[in-house]
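Okay, structure first, notes after.
None of the figures in this text is laboratory data; all of them are computed from the coordinates on show. Every value quoted in this text rests on a predicted model; they were computed, and no experiment measured them. Cβ: placed from backbone, ideal geometry, glycine included. Neighbour counts: every protein chain shown.
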Amino acid sequence: MLINNAVIIVTGASAGIGQACATTLAHLGAHVICVARRHERLLKLQHTLPGEHAIYAGDISDPATMPAVVALAIATFGRIDAIVCNAGIGLSMPVAQLQWDDVLRCMNVNVGGVLSGIQAVLPHFMANKSGAIVVISSVVGVHALPYSGGYAASKGALERLCDALQIELLGSGINLTVVRPGTVQSDFFSHRLGQNNEIRRTRSVGIPASQVANRIIYALTHHPRVLYTRWQDRLLLWGSACFPSLADRLLAKMIRWQEVDSVYRHE
Ligand SMILES: NC(=O)c1ccc[n+]([C@@H]2O[C@H](COP(=O)([O-])OP(=O)(O)OC[C@H]3O[C@@H](n4cnc5c(N)ncnc54)[C@H](OP(=O)(O)O)[C@@H]3O)[C@@H](O)[C@H]2O)c1
């Protein structure tokens, strides 16, 4: 797929990875439909981007949002070439204290919102026998980190959904890539649901959102099935698959919960 002049929907474009992705795409000549809830941030972004773009302020977990985004894209640019399903929220809490309402909210956005986006573009992609879908998952979609159980469950569900879709799309001309970032520098951690009092010694190694954006461009142009943003993340998942008990012990040392003693050990 050529990025120049392509029409690409990016969800979660008001911040972090999505904003970096929309910016990179715009500088490469794409027409971007930027989606997120915060209208003023989208307006500001639209004014800074070179070229012609559209914005839509809405919650992707509302079933009406993504069909409306697709209608806007078709009305404005006449077609859609790709969608980057990036919008997502975190949830940080020991499993023992997880609130099911928070898990459901996470599922509604991270799985329901992505499903809604994919289902909204698929009729157009199928009619054109082409199109690219990029889904932003996470390394925790494969191997959970401590205190990320609710979030990991949503990304794990998303991964299985994409596994099935990958097979269903064979021979359709439509490409699907699942991107699995590790830690990325963004406001994601401060927006998480639950209590944000975990201590992650890995936090400092987070990569810039612009680096993930460049990987998303690679996904749109080369269509790999799965894409990592750092070789270390790929190695971590390989290691955790081969040596799961060792990986558990290492992760327990790397990531602590401030109140872990009172939650599990009553010390
Ligand atoms: N940061 C990391 O370390 C990391 C690692 C692995 C994977 N990821 C994944 O990468 C994606 C982007 O994360 P990020 O780091 O860029 O986080 P971020 O800076 O918090 O940005 C999240 C974006 O999603 C939008 N969003 C959240 N809920 C939404 C909803 N219900 N409807 C519409 N838009 C919504 C937010 O915009 P509004 O608030 O304006 O709606 C924002 O634009 C997420 O799927 C996340 O799970 C992040």
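Structural remarks
- Max mean-square fluctuation residue, GNM over the chain, Cα-Cα springs under 10 Å, options Pro181, Pro224, Pro244: Pro244
- With a Förster radius of 35 Å applied to the C-beta separation of Cys242 and Met126, the computed FRET efficiency comes to 0.35.
- Partner lysines whose Cα lies under 24 Å from the Cα of Lys253, excluding those fewer than 8 positions away in the same chain, are identified as Lys155.
- Of the residues Glu168, Glu198, Glu159, the one with the fewest other Cβ atoms within 10 Å heads the list, and the complete ranking is Glu168, Glu159, Glu198.
- Taking 0.36 nm per residue of separation and subtracting the Cα-Cα distance, full extension of the segment from Gln99 to Val205 would add 35.2 nm.
- The chain, helix-only ellipticity at 222 nm - DSSP H runs n ≥ 4, -39,500 (n - 2.57), divided by all residues, nearest 500: -13500 deg cm²/dmol
- Distance (nanometres) between label positions extended 7 Å along Cα→Cβ at Ala64 and Gln232: 4.5 nm
- Fluctuation leader among Ser154, Ser172, Ser92 - the chain, Gaussian network, Cα springs under 10 angstrom: Ser172
- Gyration tensor (Cα) of the stretch 161-201, equivalent ellipsoid semi-axes in angstrom: 34, 11, 9
- Taking other Cβ atoms within 10 Å as a rough exposure proxy, Asp187, Asp248 sort from fewest to most as Asp187, Asp248.
- Equivalent ellipsoid semi-axes - Cα gyration tensor, the stretch 7-265, angstrom: 31, 19, 17
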